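Beneath this line is the structure, given in structure tokens, with notes to follow.
The values are calculated or read from the model by the stated rules, or taken from the named source; none is laboratory data. It should be emphasised that the depicted structure is a prediction, and the values quoted were computed from it without experimental measurement. As a convention, Cβ positions derive from the backbone with ideal geometry for all residues, glycine included, and neighbour counts pool all protein chains shown.
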Amino acid sequence: MLGPHNSAFGQSVAIDKNTIIVGAPLEVDKKIGDYPIGAVYIFVRFGDVLQQQARLISPDANDANGEELESFGHSVSIIGELLVVGAPKKGFNPTILDMEVGAVYVFVRDDGFWQKPVRLNAIDSRKGTLFGETVAVSEDAIVIGKPNDSDQSGTIEGIGSIYIVSLFPTPSVLSGSYPSDISIALTCESYCNTIYYTIDGSEPAIDSDGLPLDSTIEYKEPILITDNTTLKYISVGPAGTTTVKTANYVIDRVNPVLEEVTSPINGSTLGELSSIEGIASDDEAGVEQVEIIIQDTTTQQFANMDDEGVFHGWTDTPTWIKANGTTAWQVDTSNIAFVTNNTYTVIARTVDLASNI
């Protein structure tokens, strides 16, 4: 199999099942001009016969403004019905008026026909950074290489970077503990036709016709979570079926319990106080934090201590002091300037992982 003269046919190749992709990044298209714009050839095997299905060029090649090289087809990758083509020397980024910033084109095949592609641009690209020098695609993501990228300040060149375009769904609420019912929307950033999920902990599954199996549900509206739930979800698109993703939710409507302050004992008379200790519990989400207020009831002022345990004197404003530990907690008070013969009151509270107090 041979390509056009001086086209660099075979510079890049990719294969998925019966489809072969060949890049020819130096090909000249006389209908557009006399300079190389590049092309991509698609071959499909039918039995023992390999037939050309399509020849693709950059849809905006006629906007090249006389560039000497676009390099469309320098890199290619395909999975299922999704094809990614890199053009690392492509000019005129619509978001940055610069030449040779690079571009990537994403094509979708529908019933044997390749639709007009979406052009991806790196919003921070500069000339010569080679966005699209390498590309790769899986069921879950498109990955784009920019090997001549610089650091954020632009002072160190050639360190390289990659860009990732997610193809799997994202829940609107992250895994975690919540004090009441939550509603979760599942959305895809791109190239996602249908989303499926389960809420019983099983793996979502579909048959060959795309119909949900067993407890799998096709996503059509936000999911209401009213109890502890393991949500598993997938999406189906031109790249195929994504891997299963999982989100865990705990619905905790019960306030945590501050069982007692174990030391010092209520009503104690002390010569010194090096720490305050206690016990807390939560049977649902679990204890996240214990906090206390120390008040000098003689002066009506409050101990002011930061999160690092540094004492900053007494203040008229109540200040919550974070304890170390959760179910068994302790506050180091050795650096607090207690006054002899004054009386002190400790107020404690517990916050659980669902933000209940």
What are the pairs, 6+ residues apart or on separate chains, where a residue within the range 28-56 that is touching a residue at least 12 places away in the same chain (Cβ under 8 Å) and more than 23 Å from Ser77 (Cβ to Cβ) has its Cβ under 8 Å from a residue that is of a type in the set (Asp, Glu) and surrounded by 14 or more Cβ atoms within 10 Å (Cβ to Cβ)? Tyr35/Glu67
Restricted to the range 183-212, and to residues that are farther than 13 Å from Ala247 by Cα and of a type in the set (A, V, I, L, M, F, W, C), which residue is farthest from the chain's Cα centre (by Cα)? Leu211
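More than 44 Å from the chain's Cα centre (by Cα) and not in a loop (DSSP other than H, G, I, E, B): is that true of Thr340 in this structure?
no
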Just need a number here: residues in the range 220-241 that are assigned to a loop (DSSP other than H, G, I, E, B), under 26 Å from Ser177 (Cβ atoms) and touching a residue at least 40 places away in the same chain (Cβ under 8 Å). 2
Looking only at residues that are closer than 14 Å to Leu26 by Cα and surrounded by fewer than 22 Cβ atoms within 10 Å (Cβ to Cβ) in the range 58-88, which one is modelled with the lowest pLDDT? Glu67
Could you say which residue among Ser268, Ser263, Ser235 is crowded, with 19+ Cβ neighbours inside 10 Å and of a type in the set (S, T, N, Q)? Ser235
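Among the residues of the range 274-298, write down those that are part of a loop (DSSP other than H, G, I, E, B) and crowded, with 16+ Cβ neighbours inside 10 Å.
Looking only at the range 274-298, we keep the residues that are part of a loop (DSSP other than H, G, I, E, B), and these are 274, 282-286, 297-298.
Answer for the range 274-298, where residues must be part of a loop (DSSP other than H, G, I, E, B) and crowded, with 16+ Cβ neighbours inside 10 Å: Asp282, Glu284, Ala285, Gly286.
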Need a quick list: strands (runs of 3 or more DSSP E) entirely within the range 1-76 having at least 3 residues that are among the hydrophobic types (A, V, I, L, M, F, W, C) and closer than 25 Å to Val143 by Cα. 12-16, 19-24, 39-46
Regarding the range 110-119, can at least one residue be identified that is more than 20 Å from Gly23 (Cβ to Cβ) and buried (at least 16 other Cβ atoms within 10 Å of the Cβ)? no
Any idea which residue in the range 176-227 is surrounded by the most Cβ atoms within 10 Å (Cβ to Cβ), counting only those that are more than 23 Å from Asp140 (Cβ to Cβ) and touching a Lys or Arg at 6+ places or on another chain (Cβ under 8 Å)? Pro179
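Yes/no matrix, rows are residues, columns are (1) assigned by TED's automatic domain parsing to the domain that holds Ile42; (2) modelled with pLDDT under 95; (3) touching a strand residue (DSSP E or B) at 6+ places or on another chain (Cβ under 6 Å):
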residue	(1), (2), (3)
Thr95	yes, yes, no
Asp98	yes, yes, no
Asp110	yes, yes, no
Asn121	yes, yes, yes
Asp124	yes, yes, no
Gly132	yes, yes, yes
Ala136	yes, no, yes
Ser150	yes, yes, no
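Go through Asp149, Asp207 for me and flag whichever is more than 30 Å from Val254 (Cα to Cα) and free of Cβ contacts under 8 Å to residues at least 12 places away in the same chain. Lay out the reasoning, then the answer.
Values: Asp149 fails: free of Cβ contacts under 8 Å to residues at least 12 places away in the same chain.
So the residue among Asp149, Asp207 that is more than 30 Å from Val254 (Cα to Cα) and free of Cβ contacts under 8 Å to residues at least 12 places away in the same chain is Asp207.
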Please state which one of Val137, Val165, Val173 is closer than 30 Å to Ala354 by Cα and surrounded by 16 or more Cβ atoms within 10 Å (Cβ to Cβ). Val173
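Could you say whether any residue in the range 261-282 is over 41 Å from the mean Cα position of the chain (by Cα), β-branched (Val, Ile, Thr) and at pLDDT 90 or above?
First, the residues of the range 261-282 that are over 41 Å from the mean Cα position of the chain (by Cα): 261-276.
Right, trim to β-branched (Val, Ile, Thr) and you get 261-262, 265, 269, 276.
When the remaining residues are screened for being at pLDDT 90 or above, the result is 276.
Yes.
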